[in-house]
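What follows is a short report on a single structure.
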């Protein structure tokens, strides 16, 4: 069983602002936990893998897109434990396989494509597949179930002096990590989610109900204005920032989640969002394998 280190490495950063001052913040390097089961995936899979054993299942069946970090982590974790894995893939599976799906297949994951219109945990097509694989534990996309949430409640406990921070920021996809962190945060803390998805203003309230509703002592906020071009969509401006951030900090980020997170916190600092006595913690949730979809030389790392 994959073990998670008791203490997560962290980097203290002083980011130069346009006014000549420096904005200090800390990055918790979950991306360094494991070369494949990196970032929040270690936490999301922990209790799902235990549930496989408890329910005497033979492995995991889960869902994801063609560049899913979750699929890679699940395939490798199951391979490592001698378990079976099946991935329900959004859209067509084209040959030759991209790096993500090729990695999954090489580590024993069976790939089952589903039309985008049918790509839903409760669709007729997906339910039919799940019935054929009842010997496997079904884990929703991104590890978004109670077991995934439970694992994410343990993230802050592994960050040195996590209680000392006034603000904690993380990326949001399914919202599992955000909810886990918020559930563990203290009353004096504010947990801020930065969605990677571009959410229309008319749909933001529904997003909050589905992805950010959690019982917590902390204050929670979701800032929708940093999604850029949208989920997994990139711009040259984003690449430029990711390269700049790496040059100044030595920390690599990914094109879907953490690149936007770092861009968000630096923009907020420029806007004087944080007061002078704030202490800010960013959760680096990993996912760097997604950068493999880019042409060589796009990023400096």
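Observations, loosely collected:
- Region 263-293, residues that are part of a loop (DSSP other than H, G, I, E, B) and crowded, with 20+ Cβ neighbours inside 10 Å: 285, 286, 287
- All conditions in (1) touching a helix residue (DSSP H, G or I) at 6+ places or on another chain (Cβ under 9 Å); (2) in contact (Cβ under 8 Å) with a residue 40 or more places away in the chain hold for residue 204, with the sole exception of (2).
- Test: residue in region 160-172 that is on the phi > 0 side of the Ramachandran plot and not in a helix (DSSP H, G or I): yes
Residues are listed down the side, and each one gets a yes or a no for (1) under 21 Å from residue 219 (Cα atoms); (2) under 15 Å from the mean Cα position of the chain (by Cα):
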position	(1), (2)
99	no, no
105	no, no
143	no, yes
152	yes, yes
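- Residues that are over 20 Å from the mean Cα position of the chain (by Cα) and either closer than 30 Å to residue 163 by Cα or not assigned by TED's automatic domain parsing to the domain that holds residue 226 (or both), drawn from region 191-205: 205
- Here 86, 27, 36, 52 are screened, and the one residue that is touching a strand residue (DSSP E or B) at 6+ places or on another chain (Cβ under 6 Å) and closer than 20 Å to residue 291 by Cα is 27.
- Any hit, region 47-55, residues being in contact (Cβ under 8 Å) with a residue 40 or more places away in the chain, surrounded by fewer than 18 Cβ atoms within 10 Å (Cβ to Cβ) and part of a loop (DSSP other than H, G, I, E, B): yes
- Residue in region 186-201 that is in a helix (DSSP H, G or I) and either at pLDDT 95 or above or within 26 Å of residue 113 (Cα to Cα) (or both) present: yes
- Matching residues in region 96-121 - criterion: being crowded, with 17+ Cβ neighbours inside 10 Å and in a helix (DSSP H, G or I): 100, 101, 103, 104
- Residue match in region 132-141 (condition: in a loop (DSSP other than H, G, I, E, B) and under 20 Å from the mean Cα position of the chain (by Cα)): yes
- Being at pLDDT below 95, more than 14 Å from residue 85 (Cβ to Cβ) and not assigned by TED's automatic domain parsing to the domain that holds residue 175 is a property that residue 115 lacks.
- Criterion violated by residue 301 - all others in (1) in the same structural domain as residue 180 (by TED's automatic domain parsing); (2) surrounded by fewer than 18 Cβ atoms within 10 Å (Cβ to Cβ); (3) touching a helix residue (DSSP H, G or I) at 6+ places or on another chain (Cβ under 7 Å) satisfied: (1)
- Scanning region 122-139 for residues that are exposed (fewer than 15 other Cβ atoms within 10 Å of the Cβ) and in contact (Cβ under 8 Å) with a residue 24 or more places away in the chain turns up just one, 135.
- Among the residues of region 60-69, those that are crowded, with 24+ Cβ neighbours inside 10 Å and either in a loop (DSSP other than H, G, I, E, B) or over 15 Å from the mean Cα position of the chain (by Cα) (or both) comprise 60, 61, 62, 68.
- Residue that is surrounded by the fewest Cβ atoms within 10 Å (Cβ to Cβ), among those in region 252-262 that are more than 13 Å from residue 23 (Cα to Cα) and touching a helix residue (DSSP H, G or I) at 6+ places or on another chain (Cβ under 7 Å): 252
The values are calculated or read from the model by the stated rules, or taken from the named source; none is laboratory data. Only a predicted model underlies this, so the values are computations on that prediction, with no experimental measurement involved. Cβ atoms come from the backbone with ideal geometry, glycine included; neighbour counts cover every protein chain shown.
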